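Beneath this line is the structure, given in structure tokens, with notes to follow.
The values are calculated or read from the model by the stated rules, or taken from the named source; none is laboratory data. In this text, all values refer to a predicted model and were calculated from it rather than measured experimentally. As a convention, Cβ positions derive from the backbone with ideal geometry for all residues, glycine included, and neighbour counts pool all protein chains shown.
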Ligand SMILES: [Zn+2]
């Protein structure tokens, strides 16, 4: 699932390439992506992109007075260029250096289908894709981004300059809910999902399943520091990575998430899987749970 660091890099690339460009065509290949049925994406044809911004994990293509195209990427949504810009993207990849060149070497799976295709007056075509088994990507045409419920409900964003310890505590402290769930709850904190919540908790040395209300002052301080640190460092690290390489860059940067069976980079213990909500997440027993093993349902038990 795309989370704020990758979505931020995506919107920065889109802003650099699309600001000032007029929308010349819209092809909705999967009608279920259109969430604002009274205002179709094609209603923005001929309008000019005034800027591209991020709200939590959502993308906001602003078209000045004509409105906004807000995109929820859902679980498996993403974007790709489908124009003659392959050369430009390859050049950008080369310019970011050897470490980000590696993901291209891996043989890609079948590319995910384009669900919506947006064409611009410089010949560029942006495709919105979804790699899932069901359609999770959605688009809205609105006058203001906060007309989209998923934007209106967003809590404070740890990447924002004005995100403070006070705002963090207001969102987290005292909550009778497992702290990993609170971190991922978009109403509490915007932009964090399964991967970065694992990273935050591992850095903070906090158990993912303890209730937020049970955290002491020192744990809350570590959790605040880890939340802002992990999110902001990831945004800096992902900045400038071409959108086709962002998922691989994210996977490569994880220290705990997705690394069950590998050694914890802090203490050397084996990182472990545990079951959380409808998915699997990872933690270090020595660093985070005092050695306690968390339940893992089914599968690789
Ligand atoms: Zn450890």
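Tabulated data
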quantity: Residue check, residue 248 closer than 30 Å to residue 111 by Cα, in contact (Cβ under 8 Å) with a residue 24 or more places away in the chain and either out of contact with any helix residue (DSSP H, G or I) (no Cβ under 9 Å at 6 or more places or on another chain) or within 16 Å of the ligand (Cβ to nearest atom) (or both); calculated: no
quantity: Count of the stretch 268-294 residues which are more than 16 Å from residue 200 (Cβ to Cβ) and within 8 Å of the ligand (Cβ to nearest atom); calculated: 4
quantity: Qualifying positions in the stretch 281-294 - surrounded by 13 or more Cβ atoms within 10 Å (Cβ to Cβ) and either in contact with a helix residue (DSSP H, G or I) (Cβ under 9 Å, 6 or more places away or on another chain) or assigned to a helix (DSSP H, G or I) (or both); calculated: 281, 282, 283, 284, 285, 286, 287, 288, 294
quantity: Qualifying position, being surrounded by fewer than 23 Cβ atoms within 10 Å (Cβ to Cβ), assigned by TED's automatic domain parsing to the domain that holds residue 129, under 22 Å from residue 113 (Cα atoms) and in contact (Cβ under 8 Å) with a residue 60 or more places away in the chain, among 35, 57; calculated: 35
quantity: Within the stretch 252-267, tally of residues that are within 9 Å of the ligand (Cβ to nearest atom), farther than 18 Å from residue 294 by Cα and out of contact with any helix residue (DSSP H, G or I) (no Cβ under 6 Å at 6 or more places or on another chain); calculated: 1
quantity: Complete set of residues in the stretch 259-279 that are surrounded by fewer than 17 Cβ atoms within 10 Å (Cβ to Cβ) and over 18 Å from residue 226 (Cα atoms); calculated: 261, 262, 263, 268, 269, 270, 275, 277, 278, 279
quantity: In the stretch 40-54, the residues that are within 26 Å of the chain's Cα centre (by Cα) and in a loop (DSSP other than H, G, I, E, B); calculated: 40, 49, 50
quantity: Residues satisfying the stated conditions in the stretch 189-216, i.e. without any contact (Cβ under 8 Å) to a residue 60 or more places away in the chain and over 20 Å from residue 6 (Cα atoms); calculated: 204, 210, 211, 212, 213, 214, 215, 216
quantity: For residue 133: the one exception among (1) in contact (Cβ under 8 Å) with a residue 24 or more places away in the chain; (2) farther than 26 Å from residue 285 by Cβ; calculated: (1)
quantity: Single condition residue 297 does not satisfy, out of (1) away from the ligand (no atom under 13 Å from the Cβ); (2) assigned to a loop (DSSP other than H, G, I, E, B); (3) surrounded by 15 or more Cβ atoms within 10 Å (Cβ to Cβ); calculated: (3)
quantity: All positions within the stretch 128-141 that are assigned to a strand (DSSP E or B) and closer than 17 Å to residue 11 by Cβ; calculated: 128, 129, 138, 139, 140
quantity: Flag for residue 222 being in contact with a strand residue (DSSP E or B) (Cβ under 7 Å, 6 or more places away or on another chain), free of Cβ contacts under 8 Å to residues at least 24 places away in the same chain and outside the structural domain of residue 8 (by TED's automatic domain parsing); calculated: no
